[in-house]
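Here, each number is a calculation from the coordinates, and none is a lab measurement. Model, not experiment: these values are computed from the prediction. Reconstructed Cβ throughout: ideal geometry from the backbone, glycine too, with neighbour counts over all protein chains shown.
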Amino acid sequence: MKKIIIDTDPGIGALGADIDDGLAIVMALNSENLQVLGLTPVNGNVTCQQGTLNALNLLQVMNRPEIPVHPGADQPLLGDMKFVRDTFAEILQRAGWKDPLPVTTTQLMPQSQHAVDFIIEQACKYPGEITMVCIGPLTNLAMAIRKMPSLPRLLKETIIMGGGWTQPLDCITPVAEFNMFCDPEAAKIVLHSGMPLFMTGYELCKKTQLKPEHLEMLRKRNTPVSRFIAEMAEPWLAFMNAAFGLNLCFLPDPQAIALAIDESIFTIESMYIDVETKGELTRGMTVADRNQALHKCPYPPNVRVCTDIDVDKFMALLLKLLR
């Protein structure tokens, strides 16, 4: 059984925030192949405080109070999240759609230990055994590496949901994916850490879609978890419809969990990936040096990148684990 820590920014129904972090957490906790050591919320889709409450609420619904939640960074390494928050607010205002934050009714409490210290503690306790699954900005992991430079040698691997290996990505900016844009300095620390890295990028997320018929299937199962998922997915579907005219939502974060469970779902290629931190127009852009024409690269590959996905196999796994 693979030991994992899920580093996450769970919106789970919050205004302008997606549901896929929540789906990924449910998948991981329901998988017989994964042992979730804990959740480490980070500032991203929502504030770290709101993400922590959302994670605890989900764990209560799932009746999994034994899973610890360790709050982490409430700001990126440099700057702030004003641009991101203003961008979502502008999209919502243009769409004429408003909805309050989800009501949090959880009685569970977060741990007092910071996410960074928890990650380091677990890596020392289980050297070479832990897979970090990072489905939010990489601030927590970068801070942990800064605090303990030997950490990359203690982790088995890290799975990153973020960035991409082609252009344009056209996510939060024309060239940058959301998680990478939120904290590119943190991403650079992780990408240059020397640890084994996997990346599921924005290209693949559009291939896997949660549609109203899937939510109807969950409603018919009529369990506390299935009802919760369906209810929390509605605000994000409404956002996607109002903002982009799409009656579906993409599933990037569950892909990272699927990769932790079964690599055979993906086509994977090794390549060199870096991230832009200084460009006026390209901040947060991931750059892949594939150089396929000459079959040589000035930099050795540092990331195993998912370049394609078996959609049917992925959706079957997703729906199985959401039961």
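Do the sum for the chain: with -39,500 (n - 2.57) for every DSSP H run of n ≥ 4, divided by all residues, what is the mean residue ellipticity at 222 nm, to the nearest 500 deg cm²/dmol?
On the way: 13 runs with 132 residues, N = 323.
Roughly -12000 deg cm²/dmol at 222 nm, from the helical runs in the chain.
Please report, in debye to the nearest 20, how large the charge dipole of segment 2-321 is about its Cα centre when each Lys and Arg carries +1 at its beta carbon and each Asp and Glu carries -1 there. Spell out each step's value before the answer.
Values: 27 positive and 36 negative charges, 68 e Å.
I would put it at about 320 debye.
In vacuum, with every alpha carbon of segment 2-321 counted as one equal point scatterer, what does the Debye formula give for log10 I(q)/I(0) at q = 0.11, 0.14, 0.15 Å⁻¹? Two decimals, please.
Cα-only, vacuum Debye calculation for segment 2-321: -0.63, -1.07, -1.26.
Anything over 18 Å Cα to Cα? Flag those among 2/125; 211/320; 125/156; 2/156; 207/313; 207/296, in the order listed.
207/296
In a shell of Cβ-Cβ distance under 15 Å around residue 314, excluding residue 314 itself, what net charge do Lys and Arg (+1) and Asp and Glu (-1) give?
Taking every other residue near residue 314 into account, the sum is -3.
In sequence order, what are the phi-derived ³J(HN,Hα) couplings for segment 108-125 according to the Karplus relation 6.51 cos²θ - 1.76 cosθ + 1.60 with θ = phi - 60°, rounded to whole Hz, with x for glycine and proline?
With coefficients 6.51, -1.76 and 1.60, one gets 6, 10, x, 6, 7, 6, 5, 3, 4, 5, 5, 4, 5, 4, 5, 5, 6, 6 Hz.
Rg over Rh of segment 1-151, using C-alpha atoms and the Kirkwood radius, what does it come to?
Values: Rg = 15.6 Å, Rh = 15.9 Å.
Ratio value, two decimals: 0.98.
Order by neighbour count: 193, 150, 270, fewest other Cβ atoms within 10 Å first, most last.
Working: 193 19, 150 10, 270 13.
Lowest to highest Cβ neighbour count: 150, 270, 193.
Separation of segment 16-61 and segment 180-221 by C-alpha centroid, Å?
13 Å
Give, as a single signed number, the net charge of other residues whose beta carbon lies under 11 Å from the beta carbon of residue 252, with Lys and Arg counted +1 and Asp and Glu -1. Present the calculation step by step, with values, prior to reporting the outcome.
Numbers: positive: 206, 207; negative: 18, 20, 21, 177, 203, 253.
Charge balance in the 11 Å sphere: -4.
If Lys and Arg each add +1 and Asp and Glu each add -1, what is the summed charge of the other residues whose beta carbon sits under 13 Å from the beta carbon of residue 229? The partial results should precede the final answer.
Details: positive: 219, 220, 221, 227, 323; negative: 18, 20, 21, 216, 231, 234.
In short, -1.
Please report how far the C-alpha centroid of segment 103-143 lies from that of segment 252-306, rounded to the nearest whole angstrom.
24 Å
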